[in-house]
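Okay, so here's the structure we're looking at.
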């Protein structure tokens, strides 16, 4: 293997130097890059998502202890996304300038500390403050990761690569459910702390450790990747340079005003309503189905995410192989909506209700990797960093509205059924917007 070959600076290379690559060689190079980056980024996203949604399991105990209402919980769960929204674009622009290694490490360490500190809250106001600060700390992580992947993989490979990365959401549900249930049951009373306090502490520590690992492991770019020989780095750069050039706006404000960016943000908002509406309330929905033991709720909540893990990979692969985005997005959104409606209709039947949630989670999570192929093809350079952050921050406001809406509905009616129907309506709206957003652009 030519690892010992001299590593010439890529800044002096031109596309003309790169001959048409052998298909087998190209596949080996991308397999190598995938194995180097995706498992590591995958683990980072698993711990990120655990810290974001473990509040759904903490709710099973902390509401009674802190005398909080479902509405108060919904506000606290969702206010995370207000901080996220306000600091998303600045954070991603800083990442574009400083590089992923330092900035992603900073993000992970600070949010891990804040997530663990949630164990100290005693009042709803303190809960709101710590959740808001957690959103501020994590702002830029996900769009930064998406932007980072666009610096390595061309558009034709992105759906499957982003799907592999984003299966971390589903896997965090598979791991996090049983783990959170075990912590709630087993650690309750240890050192005088409640189970929910141990939950925040034990699931916050891995984020800090992974943040330190990011600083030493991650490369900022293809040019700085000393583990790649010269010819492989040249292939990667050449393939990216041959991509159709996206839009680069003159300013962040111009990116914010671009109607295509705003349309994509509205589309993503609808999809996020589905994914976070489910994530924050799935444990409670399973409890409504007649399961009271926290450990069993955790194990059962893993099932929809296990199914979604498979569906995300299959959908991403199918979309890339067919070079088709529109109807894959529509199909995923419609399946998610059907699952949500069925879960509402059979909210007291464990078998049917849980099966419906498998459809809901699979549909809601499978559309996200496909969606992110759209803005990454539309934008480039600083506009890509800003545009991805804008779309993600606006879309993630649904992470506030979804939990809050279900909390209010649950307090008013005693159940979350109407909330599920409302989220299904957003998913169906997303299906319609996907048709509009993927129309071929006129020259």
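The values are calculated or read from the model by the stated rules, or taken from the named source; none is laboratory data. Keep in mind it's a predicted model, so treat the numbers as computed, not measured. Cβ coordinates were reconstructed from backbone atoms using ideal geometry, including for glycine residues, and neighbour counts include every protein chain displayed.
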Assess whether residue 75 counts as being under 25 Å from residue 201 (Cα atoms) and either touching a residue at least 40 places away in the same chain (Cβ under 8 Å) or not in a helix (DSSP H, G or I) (or both).
yes
Qualifying positions in region 169-208 - more than 23 Å from residue 60 (Cα to Cα) and more than 20 Å from the chain's Cα centre (by Cα):
none
Let me confirm something: among 387, 344, 336, 353, which residue is part of a helix (DSSP H, G or I), in contact (Cβ under 8 Å) with a residue 60 or more places away in the chain and touching a strand residue (DSSP E or B) at 6+ places or on another chain (Cβ under 7 Å)?
387
Going through region 292-322 in order, the residues found to be more than 16 Å from residue 50 (Cα to Cα) and surrounded by fewer than 18 Cβ atoms within 10 Å (Cβ to Cβ) are 292, 293, 295, 296, 310, 314, 317, 318, 321, 322
Kindly indicate which of 321, 292, 285, 300 is closer than 22 Å to residue 415 by Cα, without any contact (Cβ under 8 Å) to a residue 60 or more places away in the chain and over 16 Å from the mean Cα position of the chain (by Cα).
292
Can you name the condition, by its number, that residue 360 falls short on among (1) in contact with a helix residue (DSSP H, G or I) (Cβ under 9 Å, 6 or more places away or on another chain); (2) surrounded by fewer than 24 Cβ atoms within 10 Å (Cβ to Cβ); (3) within 30 Å of residue 290 (Cβ to Cβ)?
(2)
Sole residue being free of Cβ contacts under 8 Å to residues at least 60 places away in the same chain, under 19 Å from residue 214 (Cα atoms) and surrounded by fewer than 21 Cβ atoms within 10 Å (Cβ to Cβ), chosen from 35, 63
35
Which condition number in (1) under 29 Å from residue 71 (Cβ atoms); (2) touching a helix residue (DSSP H, G or I) at 6+ places or on another chain (Cβ under 9 Å) is the one that residue 330 fails?
(1)
Here are some residues: 91, 11. Which one is modelled with pLDDT under 85, more than 28 Å from residue 410 (Cβ to Cβ) and either surrounded by fewer than 19 Cβ atoms within 10 Å (Cβ to Cβ) or under 20 Å from the mean Cα position of the chain (by Cα) (or both)?
11
